[in-house]
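No lab work stands behind these numbers, since they all come straight from the coordinates. Because the structure is a prediction, the values reported are computed rather than measured. No Cβ is skipped: glycine too gets one built from the backbone with ideal geometry, and neighbour counts run over all protein chains shown.
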Amino acid sequence: MPIALKRVYEAPSPSDGARILVERLWPRGLSKKKAAVDFWAKDTAPSHELRTWFNHDPEKWEAFKTRYFAELDANEGGVAELREHVRGGAATFVFASREERVNNAVALKEYLEQ
């Protein structure tokens, strides 16, 4: 299951395949039409408490992943639903963060690929 990553604010392209929004909150200032999201995986996004604690601090990255993976392990139904949406073709996790290397989409991709 090849998963690409892309900021949701970038223009969609045919190579994106299924565009899956991996945020708990809808991205600010973006219409649903412009986002071109096929599935909103808000149930597998990090909890509000975890997002607030992490705040995209690179020094907390490893601890964030550990905590996030524990949340995902406890969310079998949400993870199974997400796996169904990435099975069988190209998929792109779209995310809102300006930080492209340490964000929940990167962590979620790593989790699913393990």
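I need the semi-axes of the equivalent ellipsoid of the stretch 67-114: take the C-alpha gyration tensor, multiply each eigenvalue by 5, square-root it, list largest first in whole angstrom.
On the way: eigenvalues 63, 48, 15 Å².
Semi-axes, largest first: 18, 15, 9 Å.
On a full-extension model of 0.36 nm per residue, what is the gain between Glu110 and Arg98, subtracting their alpha-carbon distance, rounded to one decimal in nm? Walk me through the numbers before you get to the answer.
Numbers: separation 12, 0.36 × 12 = 4.32 nm, distance 1.89 nm.
My answer for the length gained is 2.4 nm.
Between Glu59 and Ala4, what FRET efficiency comes out of the Förster formula 1/(1 + (r/R0)^6) with R0 = 30 Å and r the beta carbon distance, rounded to 0.05? Once the sixth-power term is evaluated, E becomes 0.65. Charge tally around His56: other residues with Cβ under 12 Å, Lys/Arg +1 each, Asp/Glu -1 each, net 0. Treating r as the C-beta distance of Asn75 and Ser13 and R0 as 22 Å, the FRET efficiency rounds to 0.15. Of all lysines in the structure, the ones whose alpha carbon falls short of 26 Å from that of Lys34, not counting any fewer than 8 places away in one chain, are Lys6, Lys42, Lys109.
Adding -39500 (n - 2.57) for every DSSP H run of four residues or longer, then dividing by how many residues the chain holds, sets the calculated 222 nm ellipticity at -11000 deg cm²/dmol.
Between Arg28 and His85, 0.36 nm times their residue separation minus their Cα-Cα distance comes to what?
Numbers: separation 57, 0.36 × 57 = 20.52 nm, distance 2.41 nm.
Answer, rounded to one decimal: 18.1 nm.
For the pair His48 and Thr66, label points projected 7 Å from Cα toward Cβ lie 2.6 nm apart. Between the stretch 20-35 and the stretch 71-114, the alpha-carbon centres lie 15 Å apart. Counting Cα-Cα pairs of the chain in 10 Å increments starting at 0 gives whole-percent bin shares of 14, 50, 32, 4.
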